[in-house]
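The values are calculated or read from the model by the stated rules, or taken from the named source; none is laboratory data. What you see is a predicted model; the values in this text were computed from it and never measured. Neighbour counts run over all protein chains shown; Cβ positions are idealised from the backbone, glycine included.
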Amino acid sequence: MFSALMVTPAKQGGVYEVAVAVAQRLERTGRWRVTIAGQAERLSDRLWPRGLEATSLASAYDAVVYHGRSLALAPRLRHLSRVHVAYWHGTEVGMLRAIFGALPHLRVDDALKAVGITTVDWLGVRRGLACCSASIVVGADVAREVRRLTSAPVLELPNYALVEGGAQGRCSDRSNPGALKLVVVGGIGWRKGVRFLSKALNRARDRVDVTIVGYPDESQKRLANGCTITTLRWVPEEHVTEVLQTQDVFVMCSIYEGMSLSLIRAVELGMPCIVPGVNGVRDLIGPENGWIYRVGDVDGFVNAVATANRRRTELTAMGAAGREELLRKRAVAPTVEHVVEALMSRAQ
């Protein structure tokens, strides 16, 4: 039986959900016992995070896995294990790209602020990465940036390899007349591109109804061109699936992503998707089940919506094709548990 400590930068939200998913997959093998240690406050070299449970730090582990910016803690936890692994996903890819100039329209400080860390935290992440014998990354874009930071092995997983079977059931027929129904999951943050969505909808040539899940309040607004925007408060994961099943097309407007859990759920349900060309989307979206537009390209987004509306009778078949392709890829894809155990065997 192996033991692992997973250190996350938060005790809630998407990063924590991913940590839980990884822990569950490892424990299902019957060969792992996993402890998740989260923290509720921002990392800093000057502060020891009180959120890390004292009991988690009193034992030795076969492996310590750091999610994203919690890598800043690695120098202080080196005594817990001989094997330290960085696990990269989520919004950290935006931080990496900003540092290396791949997002030239962003100032570095703005990008760091957008992912909720400070320059001091970033320096800590660099030091923490030096303590790790390998990195596990989700998506080719993240892998490319991490390889610029470390000479240690970088093991890449496809976007769909982490979580599976979370969305059950199928969506309703999408050939019904009326406004095309679009759904966005992820709230109001700058990174999620809500301002871009509002601008694009004002230029839409077709009437569409958009539902955004994740707002602090619920409302409905009608635009001059007849489009409507309905906002819903964040709902539990199981209810997100219920919302998705009532919609025609899943939409993402993010400035950057590491791995979108909601996109994975949408493809699992058999939804066609309109997404920006951010990290990991090409693992899930192709011509058979959606449209990919350039990040920030309003015309590209508007054209994709118009095409989806014109091909209304094909949407159900498109979503089904995407779902079948996802199941096919998963059947042969490397998994988190296989990658972690390969690291363990290499270290022993």
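Return the total of residues in the stretch 128-142 being modelled with pLDDT of 80 or more and not in a loop (DSSP other than H, G, I, E, B). Before you say what the answer is, go through the steps one by one.
If we filter the stretch 128-142 for residues that are modelled with pLDDT of 80 or more, which is where we start, we get 128-137.
Subsequent filtering for residues that are not in a loop (DSSP other than H, G, I, E, B) retains 128-129, 134-137.
Looking only at that region, the number is 6.
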task = Among the residues of the stretch 150-160, write down those that are under 16 Å from Leu71 (Cα atoms) and within 21 Å of the chain's Cα centre (by Cα).
result = Val154
inquiry  = Please go through (1) exposed (fewer than 14 other Cβ atoms within 10 Å of the Cβ); (2) closer than 20 Å to Thr150 by Cβ; (3) at pLDDT 85 or above for Gly101 and return the number of the only condition it doesn't satisfy.
reply    = (3)
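Here's the yes/no breakdown for (1) under 29 Å from Trp88 (Cα atoms); (2) surrounded by 14 or more Cβ atoms within 10 Å (Cβ to Cβ); (3) of a type in the set (A, V, I, L, M, F, W, C):
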{"position": "Thr230", "(1), (2), (3)": "no, yes, no"}
{"position": "His239", "(1), (2), (3)": "yes, no, no"}
{"position": "Val249", "(1), (2), (3)": "yes, yes, yes"}
{"position": "Glu257", "(1), (2), (3)": "yes, yes, no"}
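If I go through the stretch 134-153 residue by residue, how many of them are without any contact (Cβ under 8 Å) to a residue 12 or more places away in the chain and surrounded by fewer than 18 Cβ atoms within 10 Å (Cβ to Cβ)?
Residues of the stretch 134-153 without any contact (Cβ under 8 Å) to a residue 12 or more places away in the chain: 144, 147, 151.
From what's left, surrounded by fewer than 18 Cβ atoms within 10 Å (Cβ to Cβ): 147, 151.
The total comes to 2.
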inquiry  = If I filter the stretch 158-201 down to residues being aromatic (Phe, Trp, Tyr) and more than 23 Å from Gly322 (Cβ to Cβ), which single residue comes out as modelled with the highest pLDDT?
reply    = Phe196
message = Can you tell me which of (1) of a type outside the set (A, V, I, L, M); (2) within 15 Å of the chain's Cα centre (by Cα); (3) modelled with pLDDT of 90 or more is the one Cys273 doesn't meet?
response = (2)
task = Please specify each residue of the stretch 230-259 satisfying the condition of being without any contact (Cβ under 8 Å) to a residue 40 or more places away in the chain and hydroxyl-bearing (Ser, Thr, Tyr).
result = Thr230, Thr231
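Take the conditions at pLDDT 85 or above and in contact with a Cys (Cβ under 8 Å, 6 or more places away or on another chain) and apply them to Leu232. Does it pass? Steps first, please.
On the way: at pLDDT 85 or above: yes; in contact with a Cys (Cβ under 8 Å, 6 or more places away or on another chain): no.
Criteria not met by Leu232.
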